[in-house]
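Below you'll find the structure, written out as structure tokens, and then a few comments.
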Amino acid sequence: MNTVNANDQLVNIAQICRKAPTATLRRAFVRALREWCQQTQWLLMTLQGSTVANQQQYSLGDDPQLDIIGVKAISASQTGPTGIQTWPLVASDSTTWDPNMPAGLPTKYCYIPEAQFALQPIPSLVFGLTLTIILQPKEDAVNIPQAPLMKYSNEIEAGALAYLLAVPGQPWSNPAEAARREREFRAGISNGKADAQRAFNVGPQRARPRQFVV
């Protein structure tokens, strides 16, 4: 996934919040980007992996700059006499699963916070898996995803400013402007959600598929 240094994105907000420390500006910007990604579920990555026979729960691993906050979709595959067969898995509430169901072809999945998932039925064999996961930058990230900023940098800057300008007792405090920036930020979240729901007509840059940890 293409990344940029968060410190390089602070020029515009630094001109408004003069005398604010760089670390404060960066935390505000990353905070806004995290919330935008969380609310829109726009930032995605594709992972490739496989099941383990008779194992139900799996880890998605960890990334030093990104948090995994959900699974958008999973498909499974198996090589048969006529070639590779692929089928989608359905998101499901694991509390409704029959614990006595025999192992077989998985048809359901559930996300388990944080960065884990489970399959039902429990896989009886090794099946290929392709997952689309939902991401946000970590709270202390310095290198952040570039893709959201290509279209939504102004709105994410507005989110950072909404937070900074609302901090009381600072040289840059401005509650009225903070409220205006908050409305701009919320509009950007709504537009990002709409993009995701339209299947990314102008969507995020997906990373090269990587393996997850079983």
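Since every read-out is calculated from the coordinates, none of them should be taken as a lab result. Fair warning: this is a prediction, and the values are worked out from it, not measured in the lab. FYI the Cβ positions are ideal-geometry reconstructions off the backbone, even for glycines, and counts take in every protein chain you see.
Results, tabulated for the structure shown:
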item	result
Pairs, first over 13 Å from Gly188 (Cα atoms) and without any contact (Cβ under 8 Å) to a residue 12 or more places away in the chain in the range 148-174, second of a type in the set (Val, Ile, Thr) and surrounded by fewer than 17 Cβ atoms within 10 Å (Cβ to Cβ), C-beta under 7 Å, six or more apart	Ser173/Val167
Wholly enclosed strands (runs of 3 or more DSSP E) of the range 1-91 bearing at least 2 residues surrounded by fewer than 19 Cβ atoms within 10 Å (Cβ to Cβ) and of a type outside the set (Val, Ile, Thr)	44-50, 57-59, 66-80, 83-88
Residue in the range 104-111 that is more than 25 Å from Ala196 (Cα to Cα) and part of a loop (DSSP other than H, G, I, E, B) present	yes
